[in-house]
1. Work out the length of the dipole vector of the chain about its Cα centre, built from +1 on the beta-carbon of each Lys and Arg and -1 on the beta-carbon of each Asp and Glu, and round it to the nearest 20 debye.
2. Pull out a ≥ b ≥ c, the square roots of the eigenvalues of the alpha-carbon gyration tensor of region 174-229, then state rounded if a/c is under 1.5, prolate if not and a/b is larger than b/c, and oblate in the remaining case.
3. Sketch the reach of a paramagnetic label on Phe162 as a point 7 Å from Cα along Cα-to-Cβ, and name the residues of region 195-229 whose backbone nitrogen lies under 19 Å away.
4. If you take the beta carbon distance between Asn180 and Asn139 as r and set R0 to 41 Å, what does 1/(1 + (r/R0)^6) give as a FRET efficiency, to the nearest 0.05?
5. Given region 42-176, what percent of its DSSP beta bridges are antiparallel, to the nearest 5?
6. Given H placed on each backbone N at 1.01 Å, which residues far from Ile187 in sequence or on other chains put an amide H within less than 5 Å of it?
7. Quick one: check the C-alpha center-to-center distance for region 151-213 versus region 22-43, whole angstrom.
8. Through the Karplus equation 6.51 cos²θ - 1.76 cosθ + 1.60, θ set to phi - 60°, convert the phi angles of region 184-197 into ³J(HN,Hα) values in whole Hz; use x for Gly and Pro.
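No lab work stands behind these numbers, since they all come straight from the coordinates. Every value quoted in this text rests on a predicted model; they were computed, and no experiment measured them. Neighbour counts run over all protein chains shown; Cβ positions are idealised from the backbone, glycine included.
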Amino acid sequence: MKFERTLIEKIRQAQRIVFFTGAGVSQESGIPTFRDGPNSVWQHFDPEVYATVPGFDKNPTKVWEWYWERRQTFKALKPNAAHHVIAAWQEKIQKVTVITQNIDGFHQRAGSQSVIELHGSLAMDKCRANGHSFKHDGNSVFDEHPSCAECGSLLRPDVVWFGEALPDVAYYQAEMDCSNCDVLICIGCSMDIYPAANLPYTAIASGAYLIQINLNSTNLNEVANCNLRGKAGEIMPALWQAVYEN
Ligand code: BV8
């Protein structure tokens, strides 16, 4: 795989790199993406029913069953080459931040230290009443209504559903990192979900060099400095080799 000289020099000279990732970075681990491809999540699960507060309040068991199944799936699968290369990059560059829309925890499992989870994490539950978060107890059998140890109310997955604000500290930190990076590498993002999709534009506006890695084109194509079309699990190891081993 050939890469433009400018691209390689920009990464070699970078002091601060942001990896901005979406479902596409986990696709080669076997985790389905949300909107593209025959097995996309929202083709089989109505986001109104499974990824909104009213949907949860109407049928918490149905939502819990879906998230419980996803937890089992994530446990059985593992990070792919793209996650591992991103983790390895923190040894080479002074400041590396991973900003992800994913809730699978695969960046952390691959060894990334500085990870901002914009849409929460499936490793955590949250009390529907008092909003306190708890590490998920990893129940091996589906527990219909996990309840809050503090007040006995219903627990819900500690993820961001449609119509819910992103965690303000996480989003603020993500904006800061995107405003102060030399290179932003956007991997496997449809760029359809806001406000997360604003972040690569924040980086461009701050003068960062923007690289997009995606199987398909997105809105970012016309503003990215470099569009690498293909699979993240193949491009990322090749990019690493071009930057450090040639
Ligand atoms: C909010 C839950 C307001 C966790 C998810 C403008 C501004 C602000 C909000 C809006 C706005 N316009 C519309 C909105 C509302 C809405 C929204 O964005 N709607 C869309 C449909 C237009 N946004 C919200 O509701 C957000 N909240 O705005 O609240 C507010 C403010 C204050 C106070 C109260 C309220 C919340 C959005 C978060 C929703 N939660 N998930 C979970 O269960 O997972 S969304 C879901 O989409 C996931 O988090 C996912 O990560 C995210 C983004 O999708 P992608 O990651 O990009 O995945 P997708 O499948 O779409 O694409 C995959 C890509 O990878 C593709 O491009 C494909 O080509 C590529 N690919 C595939 N395989 C590979 C690959 N690339 C490389 N290699 C491969 N192998």
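1. I would put it at about 600 debye.
2. It comes out oblate by the Cα gyration axes.
3. Flagged as within label range: 195-198.
4. Using R0 = 41 Å, I get an efficiency of 0.50.
5. So the antiparallel bridges amount to about 75 percent of the total.
6. Phe20, Thr21, Gly22, Ile213
7. That distance is 18 Å.
8. Per-residue couplings from phi come out as 10, 10, 9, 10, x, 10, 6, 6, 9, 10, 10, x, 4, 5 Hz.
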